[in-house]
Amino acid sequence: MVAGNWKMNGLMAALDEVCAVQAALAGPLAGIAADVMIAPPVTLISAMVAKFCGEQGALTIAGQDCHTAASGAHTGDVSAEMLRDAGASGVIVGHSERRSDHGETSRLIAAKAAAAHRAGLTAIICVGETIGERNAKLTLNVVKRQLAGSLPSSCNSTNAVVAYEPVWAIGTGLTPTVDDVADVHASIRADLVTRFGDDGAKMRILYGGSVKPDNARTLMAVADVNGALVGGASLKARDFIAIIEAYKSIR
Ligand code: PGA
């Protein structure tokens, strides 16, 4: 999977940018063995689905967060069922910006992922350590704890994707070394297999945090890295296409 997280960016005019991605998926990248997903702000989901999720469209659309309930008195929130109704097929939950800006706990994130499953959405569940935790050599402990707490028992290899995103690598241009990425992904894989058996062996684990055209190939070629969650570079079609091409070149 190559997924783009637009965060709080993008007005209607940004749909033009996605035309180029769609054209690449229908042309040179046709038949790519990857789910290519964009998570725009919720205001753009319907328009994107209408414009790009036609019969030959390989592009799928996701939300960036959802509430745990299907409906109710929760001003400003959006349910997984609403995302599904708008045409989304997935939702990101537990992004570090949600964990820090909104105080979201792993327990809440697991409930959100379960809500996504209830609505028939794929949940992209994010985990990752802060720089303080990394410097204190707590990376594997933190990721293990978040993973155990954030994945509901409804996860399987088709409806759940884990994204390892070191907080200090998000939007900074910094990335872990290939060896560090390999260590964390191997630990996540081992935990997924312990908990979900054969399905855990098949679950996709994405790397996210400053993935750019010039480092995408190296990062996605690491063992147990099954794609990327891309923030800033997903806003520019040229960069996002280059990252999808990098994926294609190694699979
Ligand atoms: P970035 O963001 O690629 O801009 O570092 C990644 C993310 O937060 O998902």
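The values are calculated or read from the model by the stated rules, or taken from the named source; none is laboratory data. None of these values were measured; they are calculated from a predicted model. Every residue, glycine as well, gets a Cβ built from its backbone with ideal geometry; the counts of neighbours run over all protein chains shown. Accessible surface areas use protein heavy atoms only, side chains included; no ligands, DNA or RNA. Shrake-Rupley method; radii C 1.70, N 1.55, O 1.52, S 1.80 Å.
Identify the GluC sites (Glu not before Pro) of region 1-99 meeting these criteria: DSSP loop state and at most 15 other C-beta atoms within 10 Å of the C-beta. Show your work: numbers first, answer last.
Details: sites: E17, E55, E81, E97; in loops: E55.
Answer in residue order: E55.
Roughly to the nearest percent, how much of the accessible area of the chain is carbon and sulfur, given a 1.4 Å probe?
Numbers: 5820 of 10760 Å².
That fraction is 54 percent.
Compute the length gained on full extension between T177 and N9: take 0.36 nm times their separation in residues and subtract their Cα-Cα distance, giving the result in nm to one decimal. Intermediate results must be reported in sequence, preceding the final value.
Details: separation 168, 0.36 × 168 = 60.48 nm, distance 2.87 nm.
Gain on stretching T177 to N9: 57.6 nm.
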For this session: For M37, list long-range residues whose amide hydrogen, built 1.01 Å from N in the peptide plane, is under 5 Å from its own amide hydrogen.
Result: V2, A3, G4, T60
Exercise. Scaled to the compact-protein estimate 2.2 N^0.38 Å, what is the alpha-carbon radius of gyration of the chain, rounded to two decimal places?
Worked result: 0.93
Problem set entry | Intensity falloff of region 167-251 expressed as log10 I(q)/I(0), Debye formula with alpha-carbon point scatterers, at q = 0.16 Å⁻¹ | -0.61
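Keeping all protein chains in place and using 1.4 angstrom, which order do F240, F196 fall into by accessible surface area, from largest down? The partial results should precede the final answer.
Working: F240 0, F196 40 Å².
Final ranking, largest accessible area leading: F196, F240.
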For this session: Return the long-range amide H neighbours of E104 (sequence gap of 5 or more, or a different chain), with a cut-off of under 5 Å between placed amide H atoms.
Result: R99
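Taking the Cα centre of the chain as origin, work out the dipole magnitude from +1 charges on Lys and Arg Cβ and -1 charges on Asp and Glu Cβ, in debye rounded to 20.
Values: 22 positive and 24 negative charges, 43 e Å.
Once rounded to the nearest 20, the dipole reads 200 debye.
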Exercise. Once you put a point 7 Å from the Cα of A30 and another 7 Å from the Cα of N141, both along the Cβ direction, what distance in nm separates them?
Worked result: 5.4 nm
Exercise. Just how far, in whole angstrom, is region 1-68 from region 147-216 if you go by their alpha carbon centroids?
Worked result: 21 Å
For this session: Would you mind getting the accessible area per residue of the chain, heavy atoms of the protein chains only, 1.4 Å probe, in Å²?
Result: 43 Å²
Exercise. Probe 1.4 Å, all protein chains in place: accessible area of V78 in Å², nearest 10?
Worked result: 40 Å²
Exercise. Using a 1.4 angstrom probe and counting only protein chains, how large is the accessible area of E165 in Å², to 10?
Worked result: 10 Å²
Seminar exercise, completed: Mean separation of Cα contacts under 8 Å (at least 6 apart) over the residue count of region 140-201, i.e. the relative contact order in percent, is 43 percent
Exercise. Using a Gaussian network for the chain with springs between C-alpha atoms less than 10 Å apart, which of these wobbles most: G90, G120, G173?
Worked result: G173
